[in-house]
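Peer 1: Below is the structure I would like to discuss, written out as structure tokens.
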Amino acid sequence: MTGPADRDLRRRAEAVIPGGMYGHQSIGLLPDDYPQFFRSGSGAHITDVDGRRYLDFMCAYGPSLFGYVDPGIDAAYVKQLSEGDALTGPGARMVELAEGMVSMVSHADWAMFCKNGTDATTMAMMTARAHTGRKTLVLAKGAYHGAAPWCTPRPGGVIPSDRAHQQSCSYNDIPSLEAAVAAAGDDLAAIFAAPFRHDAFVDQAAPDPAYARRARQLADERGALLVVDDVRAGFRLARDCSWSRIGVSPDLSTWGKCIANGHPLSALLGNDRARTGAASIYVTGSFWFAGAAMAAGIETLKRIRETRYLEHIQDLGETLREGLAERAIAAGFGFRQSGPATMPLFLFDEDPDLRLGFAWSSAMLARGVYVHPWHNMFLCAAMTPADIQQALDAAEGAFADLKASRSSLGPVGKMAFLATR
Ligand SMILES: *Cc1c(COP(=O)(O)O)cnc(C)c1O
């Protein structure tokens with residue numbers, strides 16, 4: 001059960017918001033005791049509307065990289081806001097930010113800014129089609145690229161022509177990639193790739209360098225563009241495009257979530273080959289040239305370049321991973337931790353309907369630690385070794401609770417989303 005303020009807001013939301021809530025905040029995706037509504041965030045913590053404070057391993061589903069309400073980054077935002085945000089045209093911040101991104105991301109020669117990751121992935125699709133004069137995209141099954149009709153994971157309101165000209169492959173499976181490219185024939189516009197497999201409900205997987213190289217080679221052979229969708233993982237694996245770690249340069253990369261530490265900003269970056277195509281598409285938005293989020297982005301990039309935030313979150317993530325593994329083994333659970341240490345996903349063995357995952361997550365929540373039972377999580381630089389120790393202590397208790405209640409657990413609540421996948 002959530003608190004009274006949360007229950008009241010849920011009841012009122014049901015009347016004035018379709019379905020009570022939508023998208024990744026839809027009702028029933030998380031255990032029933034998870035709060036829907038929050039009052040505030042600070043550093044690594046969030047406080048729900050009933051005043052309960054949690055160590056937050058979701059980081060707003062990615063945007064919080066240096067912690068919530070970061071004083072330095074928010075000061076840059078507020079300063080620009082006080083001088084003017086959305087004006088009749090862009091300001092100097094836009095060019096400075098483009099210079100900053102291009103100097104940090106090795107494959108990139110130019111940048112375009114937008115608001116959501118979906119804007120950036122849609123612009124990548126349009127740029128590739130404009131560049132090649134062709135239509136077909138190769139996408140990995142189960143990979144998330146946003147919530148526009150061409151890519152949203154749910155069928156409501158989507159018509160077959162929205163999804164035309166797409167071939168699917170399996171991530172890290174070279175023969176399936178080759179087959180999808182072959183099926184595209186002489187119409188291949190782009191191969192899209194997640195920087196690693198970070199699909200919901202399944203173990204995450206590192207990119208096989210041979211798969212990444214083959215994608216690069218196939219795109220080159222066909223004159224198509226290679227796109228790495230770094231909206232989620234960008235700057236949590238590298239201070240560059242995530243595939244720089246395996247030596248593969250895309251033509252386009254898409255960015256969002258944390259690049260302005262919680263302020264609305266996303267980006268499409270590209271190389272000179274893709275420049276003419278990118279210049280030919282008409283894309284824009286009323287708020288795309290607003291300066292405040294860009295000022296926050298400039299400050300965030302500076303922090304990325306000048307601090308050891310990445311090594312810090314990697315160290316914390318490894319401590320968390322090792323500590324959880326020990327505690328799971330001691331309690332006798334098959335507990336799978338996948339993905340990079342900075343973006344972990346937890347799944348239990350022998351848990352097809354997620355009842356163990358839901359119960360364990362609820363037990364963590366009751367101990368003040370907000371984890372997710374089926375989506376990857378995120379570490380942020382505001383976390384400390386003491387926070388990780390708190391999470392490990394909570395996990396020890398949560399595993400003990402689960403051991404005691406295991407045989408009496410029923411199926412989890414309204415998992416309509418899972419059931420209809
Ligand atoms: C979140 C996400 C998107 C979409 O970003 P929005 O800002 O939610 O539109 C695209 N690709 C990936 C990999 C994402 O994680």
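Peer 1: For residues that are away from the ligand (no atom under 11 Å from the Cβ), in a loop (DSSP other than H, G, I, E, B) and either in contact with a strand residue (DSSP E or B) (Cβ under 6 Å, 6 or more places away or on another chain) or modelled with pLDDT under 95 (or both), tally how many sit in the range 232-271.
Peer 2: 3
Peer 1: Also, I was wondering about something else. Within the range 44-53, is even one residue in contact (Cβ under 8 Å) with a residue 24 or more places away in the chain and within 26 Å of ASP240 (Cβ to Cβ)?
Peer 2: Yes, there is a match, as at least one residue in the range 44-53 is in contact (Cβ under 8 Å) with a residue 24 or more places away in the chain and within 26 Å of ASP240 (Cβ to Cβ).
Peer 1: Could you list all residues from the range 131-152 that are closer than 24 Å to SER26 by Cβ and exposed (fewer than 15 other Cβ atoms within 10 Å of the Cβ)? Lay out the reasoning, then the answer.
Peer 2: Residues of the range 131-152 closer than 24 Å to SER26 by Cβ: 139-152.
If the condition is that a residue be closer than 24 Å to SER26 by Cβ and exposed (fewer than 15 other Cβ atoms within 10 Å of the Cβ), then LYS141, PRO149 are the ones that fit.
Peer 1: Could you check the range 281-334 and list, in sequence order, the residues that are in contact (Cβ under 8 Å) with a residue 24 or more places away in the chain, closer than 24 Å to ALA359 by Cα and not small (Gly, Ala, Ser)?
Peer 2: THR319, LEU320, LEU324, ARG327, PHE333
Peer 1: Which of the residues spanning the range 282-302 are buried (at least 17 other Cβ atoms within 10 Å of the Cβ) and of a type outside the set (Gly, Ala, Ser)? Full working, then the answer.
Peer 2: Step one: filter the range 282-302 for residues buried (at least 17 other Cβ atoms within 10 Å of the Cβ), giving 288-301.
Listed by number, the residues that qualify are TRP288, PHE289, MET294, ILE298, GLU299, THR300, LEU301.
Peer 1: Is at least one residue of the range 371-387 in a helix (DSSP H, G or I), touching a Pro at 6+ places or on another chain (Cβ under 7 Å), not assigned by TED's automatic domain parsing to the domain that holds ALA98 and not acidic (Asp, Glu)? Step through it out loud before you land on a result.
Peer 2: Initially, the range 371-387 is screened for residues in a helix (DSSP H, G or I), giving 385-387.
Now drop any that are not touching a Pro at 6+ places or on another chain (Cβ under 7 Å), which leaves none.
Within the range 371-387 (the criterion being in a helix (DSSP H, G or I), touching a Pro at 6+ places or on another chain (Cβ under 7 Å), not assigned by TED's automatic domain parsing to the domain that holds ALA98 and not acidic (Asp, Glu)), the answer is no, since none of the residues qualifies.
Peer 1: Taking the options ASP186, ASP208, name whichever one is free of Cβ contacts under 8 Å to residues at least 60 places away in the same chain and more than 26 Å from ARG129 (Cα to Cα). Before you say what the answer is, go through the steps one by one.
Peer 2: Numbers: ASP186 fails: more than 26 Å from ARG129 (Cα to Cα).
Among ASP186, ASP208, only ASP208 is free of Cβ contacts under 8 Å to residues at least 60 places away in the same chain and more than 26 Å from ARG129 (Cα to Cα).
Peer 1: I've got another one for you. Within the range 77-100, can one find any residue that is more than 30 Å from ALA394 (Cβ to Cβ), touching a strand residue (DSSP E or B) at 6+ places or on another chain (Cβ under 8 Å) and of a type outside the set (Gly, Ala, Ser)?
Peer 2: Within the range 77-100, the subset more than 30 Å from ALA394 (Cβ to Cβ) is 77-100.
Going one step further and asking which of them are touching a strand residue (DSSP E or B) at 6+ places or on another chain (Cβ under 8 Å), we end up with 94, 97-98.
Add one more test, that the residue is of a type outside the set (Gly, Ala, Ser), and what stays is 94, 97.
Looking through the range 77-100, at least one residue is more than 30 Å from ALA394 (Cβ to Cβ), touching a strand residue (DSSP E or B) at 6+ places or on another chain (Cβ under 8 Å) and of a type outside the set (Gly, Ala, Ser).
Peer 1: If you scan the range 157-203, which residues turn out to be in a loop (DSSP other than H, G, I, E, B) and farther than 28 Å from ASP351 by Cβ? Don't jump to the end; show me each part of the working.
Peer 2: Taking the range 157-203 as the starting set, the residues that turn out to be in a loop (DSSP other than H, G, I, E, B) are 157-159, 164-165, 170-173, 194-196, 198-203.
Selection gives GLY157, VAL158, ILE159, ALA164, HIS165.
Peer 1: For the range 80-89, check the following and say yes or no: at least one residue is assigned by TED's automatic domain parsing to the domain that holds VAL231, touching a residue at least 24 places away in the same chain (Cβ under 8 Å), over 21 Å from the mean Cα position of the chain (by Cα) and under 23 Å from ALA381 (Cβ atoms). Working first, answer last.
Peer 2: To start, the set of residues in the range 80-89 that are assigned by TED's automatic domain parsing to the domain that holds VAL231 comprises 80-89.
Add one more test, that the residue is touching a residue at least 24 places away in the same chain (Cβ under 8 Å), and what stays is 80-81, 83-87, 89.
Those still in the list that are over 21 Å from the mean Cα position of the chain (by Cα) too: 80-81, 83-87, 89.
The next check asks that each one be under 23 Å from ALA381 (Cβ atoms); those that pass are 80.
Yes, the conditions are met somewhere in the range 80-89.
Peer 1: Residues of the range 221-231 being β-branched (Val, Ile, Thr) and not in a strand (DSSP E or B), which ones?
Peer 2: Start the filter on the range 221-231 by keeping residues that are β-branched (Val, Ile, Thr), which leaves 227-228, 231.
If the condition is that a residue be β-branched (Val, Ile, Thr) and not in a strand (DSSP E or B), then VAL231 is the only one that fits.
Peer 1: Return the only residue of PRO35, PRO63, PRO18 being without any contact (Cβ under 8 Å) to a residue 40 or more places away in the chain and within 21 Å of PHE346 (Cα to Cα).
Peer 2: Values: PRO63 fails: without any contact (Cβ under 8 Å) to a residue 40 or more places away in the chain; PRO18 fails: within 21 Å of PHE346 (Cα to Cα).
Going through PRO35, PRO63, PRO18 in turn, the sole match is PRO35.
Peer 1: Can you name the number of the only condition in (1) within 26 Å of PHE289 (Cβ to Cβ); (2) part of a loop (DSSP other than H, G, I, E, B); (3) within 16 Å of the ligand (Cβ to nearest atom) that THR88 fails?
Peer 2: So THR88 meets the others, but not (3).
Peer 1: Does any residue in the range 134-152 that is free of Cβ contacts under 8 Å to residues at least 24 places away in the same chain come within less than 8 Å, Cβ to Cβ, of a residue that is surrounded by fewer than 18 Cβ atoms within 10 Å (Cβ to Cβ) and among the β-branched types (Val, Ile, Thr) six or more places away or on a different chain, and which pairs are these?
Peer 2: PRO149/VAL158; PRO149/ILE159; THR152/VAL158
Peer 1: OK, next. Against the conditions (1) without any contact (Cβ under 8 Å) to a residue 60 or more places away in the chain; (2) more than 21 Å from TYR61 (Cα to Cα); (3) assigned to a loop (DSSP other than H, G, I, E, B), where does ALA341 fall short? Just the number, please.
Peer 2: Looking at each condition in turn, ALA341 falls short on (2).
Peer 1: Another question, then. Given the structure, is ALA120 among the aliphatic types (A, V, I, L, M) and touching a Gly at 6+ places or on another chain (Cβ under 9 Å)? Break it down stepwise before answering.
Peer 2: On the way: among the aliphatic types (A, V, I, L, M): yes; touching a Gly at 6+ places or on another chain (Cβ under 9 Å): yes.
Criteria met by ALA120.
Peer 1: Name every residue in the range 97-139 that is assigned to a helix (DSSP H, G or I), within 16 Å of the ligand (Cβ to nearest atom) and among the polar types (S, T, N, Q), in order of residue number.
Peer 2: Keep residues of the range 97-139 that are assigned to a helix (DSSP H, G or I), which gives 97-104, 117-132.
Filter again for within 16 Å of the ligand (Cβ to nearest atom), leaving 117-128.
THR118, THR121, THR122, THR127, listed by residue number.
Peer 1: If ALA128 meets every condition in (1) among the aliphatic types (A, V, I, L, M); (2) within 25 Å of GLY297 (Cα to Cα); (3) buried (at least 24 other Cβ atoms within 10 Å of the Cβ) apart from one, which number is that one?
Peer 2: Of (1) among the aliphatic types (A, V, I, L, M); (2) within 25 Å of GLY297 (Cα to Cα); (3) buried (at least 24 other Cβ atoms within 10 Å of the Cβ), only one is false for ALA128: (2).
Peer 1: Could you please give the count of residues in the range 60-85 that are within 16 Å of the ligand (Cβ to nearest atom) and assigned to a helix (DSSP H, G or I)?
Peer 2: Applying the first criterion (within 16 Å of the ligand (Cβ to nearest atom)) to the range 60-85 yields 60-65.
If we keep only those that are assigned to a helix (DSSP H, G or I) too, we end up with 60-61.
Qualifying residue count, the range 60-85: 2.
The values are calculated or read from the model by the stated rules, or taken from the named source; none is laboratory data. The model shown is predicted, which means the values in this text are computed figures rather than measured ones. All Cβ positions, even for glycine, are placed from backbone atoms using ideal geometry, and neighbour counts span all protein chains on display.
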